[in-house]
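Participant: Take this structure, written in structure tokens, and hold onto it; I'll ask about it next.
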Amino acid sequence: MAAQSRSSAYDCIVIGAGIQGSFTAYHLSKLRRRTLLLEQFLLPHSRGSSHGQTRITRRAYNQDFYTKMMAECYQLWAQLERESNTRLYRQTGLLLLGPEEDPEFHSTWRSLVQNRVPCQYLTAQEVQKRFPGVCLQLGEAAFIDQTAGVLYADRALRAVQDLFCSFGGAIHDGEKVVDIKPGSVVTVTTTSGVYQAKSLVITAGPWTNKLVAPLGLRLPLQTLKINVCYWKEKVPGSYGVPQNFPCFLGFHLNRAEHHIYGLPSNEYPGLIKVCYHHGNEVDPDERDREPKTPGLQEIPLLSDVIRKYLPGLEPKPAVIEHCMYTNTPDENFILDHHPSFQNIIVGAGFSGHGFKLSPVIGKILCALSLGKAPDCHMEPFRLQRFPKQLKSAL
Ligand SMILES: Cc1cc2nc3c(=O)[nH]c(=O)nc-3n(C[C@H](O)[C@H](O)[C@H](O)COP(=O)(O)OP(=O)(O)OC[C@H]3O[C@@H](n4cnc5c(N)ncnc54)[C@H](O)[C@@H]3O)c2cc1C
């Protein structure tokens with residue numbers, strides 16, 4: 001994957017080799033389109049949103065369109081496992097917890113039932129019997145999405161990139177895109193070369209606004225630094241996969257504003273990952289710099305939740321790693337053409353829940369870059385839902 005200094009003509013250039021750009025490139029090269037995938041850092045790297053060993057996958061969503069999209073995602077993940085001969089998914093189930101009267105709790109349950117997803121409703125007593133390490137509070141209940149589980153993220157990213165190359169695609173890592181010239185042929189300049197293509201897909205994660213601003217677009221994206229916290233089991237093995245401990249997702253636990261989620265012990269023996277689905281706003285180039293003003297204090301909030309809901313864990317994080325979310329105001333994705341340049345496509349704003357959906361997101365971005373209509377409901381992902389920002393851009 002050496003950087004080269006030369007001009008080339010491609011059918012499509014994809015900027016950003018995170019999971020979304022890599023899946024877009026995979027689908028394009030499978031259709032025999034000459035595709036170049038550009039990445040600013042040497043691969044693999046841990047400075048964006050797609051690194052780390054695990055992600056949760058689930059059909060449980062309070063928006064029906066994601067539950068429906070996930071049906072195809074499961075098929076495409078299984079196909080990727082076969083093509084790469086690599087295990088990428090482990091079914092554990094997902095335990096969803098929250099106040100019985102919570103509207104999001106209700107609509108998520110309804111979406112599972114309406115879409116005939118295998119699921120089961122549990123009272124607090126039933127939860128305690130089945131998962132002794134979990135304590136619900138008064139007025140709370142739970143349900144299980146049985147299809148859910150763990151995706152092996154790093155392995156998946158590598159499998160997609162390797163297959164892309166095996167289909168004839170080219171990855172140039174360590175090449176930062178510094179200029180984009182729109183036109184019927186798009187010209188992309190990097191720190192090492194100049195390339196041309198009939199279409200361009202921008203999947204630059206937290207860096208998206210830095211790339212689209214010179215193209216007259218300012219997207220309503222917020223980049224957040226997420227603390228990825230691992231907590232120690234008091235009795236080793238009590239929250240592990242062999243003990244049938246599931247992934248979990250809490251709605252407003254302890255009145256928290258955002259979700260709290262966790263995965264059974266995997267990355268580090270004896271530690272389980274429990275995180276807050278929010279963080280402090282950062283510039284992606286300065287992710288690890290101390291904030292000037294103290295912002296969200298999510299670790300004490302998580303410690304409190306651990307004490308009450310997961311009493312078999314030490315209420316102090318043993319390891320903290322970092323990752324970034326790129327959020328839209330409604331937490332739905334942006335998958336659309338640039339409003340002025342039809343052959344420039346933007347895939348952004350995955351709002352901390354895009355990994356599981358990446359096989360279908362890649363398919364959608366691939367279709368858009370070929371000037372085709374994706375075979376799924378696109379309304380929730382259109383740029384037009386932010387008319388104010390679009391008006392100022394044009
Ligand atoms: C802590 C955490 C937990 C998560 N948990 C889940 C989960 O359980 N389930 C789930 O479905 N999703 C989850 N997500 C979300 C999911 O991981 C992201 O939605 C997804 O990884 C976003 O991928 P991306 O390709 O858009 O971004 P990225 O992975 O950030 O990729 C963008 C790439 O573009 C490159 N780039 C940027 N600018 C340039 C440039 N100028 N030139 C060249 N390259 C450039 C960057 O270096 C980067 O590699 C989680 C995310 C985090 C951070």
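Participant: Using the Cα gyration tensor of segment 170-220, with a ≥ b ≥ c the square roots of its eigenvalues, what is the shape: rounded (a/c below 1.5), prolate (a/b larger than b/c) or oblate (neither)?
Facilitator: oblate
Participant: Filter Lys30/Lys68; Lys176/Lys363; Lys225/Lys372; Lys30/Lys356 down to the pairs with a C-alpha to C-alpha distance above 27 Å, please.
Facilitator: Listed pairs above 27 Å: Lys225/Lys372.
Participant: Any idea what angle helix 298-309 forms with the longest principal axis of the chain, computed on alpha-carbon atoms, 0 to 90 degrees, nearest 10?
Facilitator: 40 degrees
Participant: Let me ask something else about it. Taking 7 Å along the Cα-to-C-beta vector as the label spot, tell me the Arg90-Arg130 distance in nanometres, rounded to one decimal.
Facilitator: In this crude label model, Arg90 to Arg130 measures out at 2.0 nm.
Participant: Given the alpha-carbon gyration tensor of segment 245-394, what are the semi-axes of its equivalent ellipsoid in whole angstrom, ordered largest first, with each equal to the square root of 5 times an eigenvalue?
Facilitator: Equivalent ellipsoid semi-axes, largest first: 35, 19, 14 Å.
Participant: Two decimals is fine: what is log10 I(q)/I(0) at q = 0.07, 0.09, 0.13 Å⁻¹ for the chain, from a Debye sum with one equal scatterer on every Cα and no solvent?
Facilitator: Once normalised to I(0) and log-transformed, intensities are -0.32, -0.53, -1.09.
Participant: On C-alpha positions alone, give me the angle between the axis of helix 153-166 and the longest principal axis of the chain, in degrees, nearest 10.
Facilitator: 30 degrees
Participant: If a/c stays under 1.5 just call it rounded; otherwise compare a/b with b/c (prolate if a/b is bigger, oblate if not). Do that for segment 260-337, with a ≥ b ≥ c from the square roots of the Cα gyration tensor eigenvalues. Let's see the in-between values first.
Facilitator: On the way: a/c = 1.95, a/b = 1.56, b/c = 1.25.
Prolate.
Participant: With charges set only on the Cβ (+1 for Lys and Arg, -1 for Asp and Glu), what does the dipole of segment 84-160 come to about its Cα centre, in debye to the nearest 20?
Facilitator: For this selection, approximately 600 debye.
Participant: Sticking with this one: Any chance you could give the angle, 0 to 90 degrees and rounded to 10, that helix 64-84 forms with the longest Cα principal axis of the chain?
Facilitator: The answer is roughly 70 degrees.
Participant: Could you tell me which of Ala124, Ser369, Val282 has its Cα farthest along the dipole of the chain towards the positive end, charges placed at Cβ (Lys, Arg +1; Asp, Glu -1), taken about the Cα centre?
Facilitator: The Cα lying farthest towards the positive end belongs to Ser369.
Participant: Among the GluC sites (Glu not before Pro) within segment 170-275, which fall in a DSSP loop and have no more than 14 other Cβ atoms within 10 Å of their own Cβ?
Facilitator: Values: sites: Glu175, Glu233, Glu257, Glu267; in loops: Glu175, Glu257, Glu267.
Passing both the DSSP loop test and the Cβ count: Glu257.
Participant: Also, I was wondering about something else. With the crude spin-label approximation of a point 7 Å out along Cα→Cβ, what separation in nm comes out for Ser192 versus Glu101?
Facilitator: 6.0 nm
Participant: Name the residue from Asn115, Thr203, Asn227 whose Cα lies farthest towards the positive end of the charge dipole of the chain, charges +1 on Cβ of Lys and Arg and -1 on Cβ of Asp and Glu.
Facilitator: Selected residue: Thr203.
Participant: Once each part is reduced to its C-alpha centroid, what is the distance from segment 94-122 to segment 146-196 in angstrom?
Facilitator: That distance is 36 Å.
Participant: How big is the gap, in Å, between the Cα center of segment 330-358 and the Cα center of segment 45-71?
Facilitator: 14 Å
Participant: Can you tell which of Ser192, Leu215, Gly352 lies farthest toward the positive end of the dipole of the chain, using +1 and -1 charges on the Cβ of basic and acidic side chains (Lys, Arg; Asp, Glu)?
Facilitator: Ser192
Participant: Sticking with the crude label model, points 7 Å out along Cα→Cβ, report the distance from Glu72 to Arg158 in nm, one decimal please.
Facilitator: For the pair Glu72/Arg158, the computed spacing is 2.9 nm.
Participant: Calculate the dipole size of the chain relative to its Cα centre from +1 charges on Lys and Arg beta carbons and -1 charges on Asp and Glu beta carbons; express the result in debye to the nearest 20.
Facilitator: Numbers: 42 positive and 36 negative charges, 157 e Å.
Roughly 760 debye for the chain.
All of the numbers you see were taken from the coordinates with simple rules; none came from a lab. All of these numbers come straight from a predicted model, not from anything done at the bench. All Cβ positions, even for glycine, are placed from backbone atoms using ideal geometry, and neighbour counts span all protein chains on display.
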